[in-house]
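Worksheet: the structure to be examined is printed underneath.
The values are calculated or read from the model by the stated rules, or taken from the named source; none is laboratory data. This one's a predicted model, so the numbers in the text were calculated from it and none came from an experiment. Please note: Cβ atoms are built from the backbone with ideal geometry, for glycine as well, and neighbour counts cover all protein chains shown. Side chains included, ligands, DNA and RNA excluded: accessible areas come from the protein's heavy atoms. Shrake-Rupley method; radii C 1.70, N 1.55, O 1.52, S 1.80 Å.
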Amino acid sequence: MSGSSIPIEKNVDLDSPETGSLDQVQPKVGLANLEEQQSWNWFTIRTLITSGTGFFTDAYDVFIINLIVPMLGYVYFKESNGHIPTGTEGALKGMASFGTLVGQLVFGYLGDAYGRQKIYGLELMIIILGTFCCAMVGSNAKGADVISYLTFWRFILGIGIGGDYPMSATVTSEWASAGRRGQLMSIIFSMQGIGNMMASVVTLIVLACFKTAIINDVDNLDIVWRICVGVGCIPAVSTIYLRLTMPESPRYAMDVENDVEKANQAVAHATSNNVETAASADEVLAQQSAVAEAKANRNHNRAFIEYFSRWENLKILIGTSTTWFLLDIAFYGISLNQSYVLNAMGFVGDGTVFDNLWRTTLGNLTVSLLGFVPGYWFTVFLIEKMGRKRIQFMGFGMLTILFIILSTAFHQLKSIVPLFVAVFTLAQFFFNFGPNTTTFVVPGEVFPTRVRATAHGISAASGKLGAILATFLFNKLAEIGGAPGEHAFLPELLGIFAAIMALGFLCTFLIPETKGMSLEEIEQRGAIQSGASA
């Protein structure tokens, strides 16, 4: 039933016992205009800026910790020659991941239960608060106190970062056309690479500005790390208004709120293609009644349980969750502890405090420029041609091979630094031209509107569980058989990562291919499969 002059075919109610699925398969009024919108317009650019800046901030805030931990050690743990105890370092690095897991689950649920428009922007406010408080934690002679406060605010920061995953993924997915959806979502996610790179760039700039001060008194690093952290507020603050004024997703307005008029207005806003909405009094009353009925009958918990009670749907959620979980064990195990790998590469030596920090940061930037950032952009340009599954298979397969090489030839490669750097950066390349991007894209496409954000949040939280596992176990496992800080077990640990990547390759068989399909076609395919199995 419609409140517009554009005809709608009769709904097929797949919630009924005859079909047994949660979603309605119907032409979405006005969405044809959205699907036909292939050119870049202002709204597309606005969406990219709004969501992409959030992911830039997320990556900057997550990976800056890898660069400031050595500074914290030099300032607050002088008695142990700048070495932060393993447990303390693990908590400091891992607490943001705990917060991220909470944020992914909570905001994923809220995004489906209350709508994208009402929730989008709240997570960015939390990021701003968490970042500012991290930079401003009280300074005193007791390093444990500073680390404790910083750990707490990193947890709060993580909640905001976690909320950005399901919200930005669903918002971008639901505003995109079928032929560009994967590319737009990949561009959003690729901002992680830029954020990672800029964390190194900012750190190098601040270190250069304070070079003399650091050489004269290492305690001046207390100012340096605070500036490095605080810079993360700038991009978040710059886009908060855009998030808070983002219109409701037309697909959420149509599929969940049953508000045809609202969906049409949203599409017209995005495409500058006005949709006529002249309607009779009876049609207006019918539309108002439909919206009120949808609101009264909305029960997100029931909808979620009904949809995932079917194996065909649950299998996909298991696939998106396990692949992300397995990926992040290796991805964060390497990324959050990259300084140790850089040490093996020869980027860190026994020079002055400033020299060590400078070379470590330069090494992070080198790896980012050579492997991290290019990998993302290869996915951006090829995802609509190759498809999601093909890229994910390729990534997991190449990572398995590269980690086997790094593990079995670790000591030989260390003696040939350029070759070690080449193999390691190639691994970073296939993380991002591979599962690190596709595990973000796929959950934003394969699930219906009513459960999309929640399912994406669960998938992302599974990945973060893998990151937590890697963060807290990496240091302990890596130090088996050697003195603290030597990471004697690192070659064997890389071998474990190879096995995990091989398992990720196998779990990719659980997810479907979505290349070239509109969200409506994906929902209809899932509904037909569920109905056929009922």
Give the number of residues within the stretch 70-79 that are part of a helix (DSSP H, G or I) and open to solvent by 10 Å² or more (accessible area, probe 1.4 Å).
6
Taking ALA453, is it modelled with pLDDT of 90 or more and either touching a Lys or Arg at 6+ places or on another chain (Cβ under 8 Å) or surrounded by fewer than 24 Cβ atoms within 10 Å (Cβ to Cβ) (or both)?
yes
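Each row is one residue, and each column tells you yes or no for (1) assigned to a helix (DSSP H, G or I); (2) open to solvent by 10 Å² or more (accessible area, probe 1.4 Å); (3) in contact with a Gly (Cβ under 8 Å, 6 or more places away or on another chain).
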site: ILE147; (1), (2), (3): yes, no, no
site: LEU150; (1), (2), (3): yes, no, no
site: SER168; (1), (2), (3): yes, no, yes
site: GLN183; (1), (2), (3): yes, yes, no
Please pick out the residue among ILE227, ILE214, ILE188 that is assigned to a helix (DSSP H, G or I), within 24 Å of GLY363 (Cβ to Cβ), at pLDDT below 95 and of a type in the set (A, V, I, L, M, F, W, C).
ILE214
Reported set for the stretch 360-369 where residues are surrounded by 19 or more Cβ atoms within 10 Å (Cβ to Cβ) and modelled with pLDDT of 80 or more is THR360, THR361, GLY363, ASN364, LEU365, SER368
Can you name every residue in the stretch 105-126 that is within 19 Å of PHE152 (Cβ to Cβ) and crowded, with 24+ Cβ neighbours inside 10 Å?
GLU123
Among the listed residues ALA199, ALA208, which satisfies the condition of being open to solvent by 40 Å² or more (accessible area, probe 1.4 Å) and assigned to a helix (DSSP H, G or I)?
ALA208
Within the stretch 60-75, does at least one residue satisfy the condition of being under 30 Å from ASN356 (Cα atoms), modelled with pLDDT of 60 or more, more than 31 Å from the chain's Cα centre (by Cα) and of a type outside the set (A, V, I, L, M)?
yes
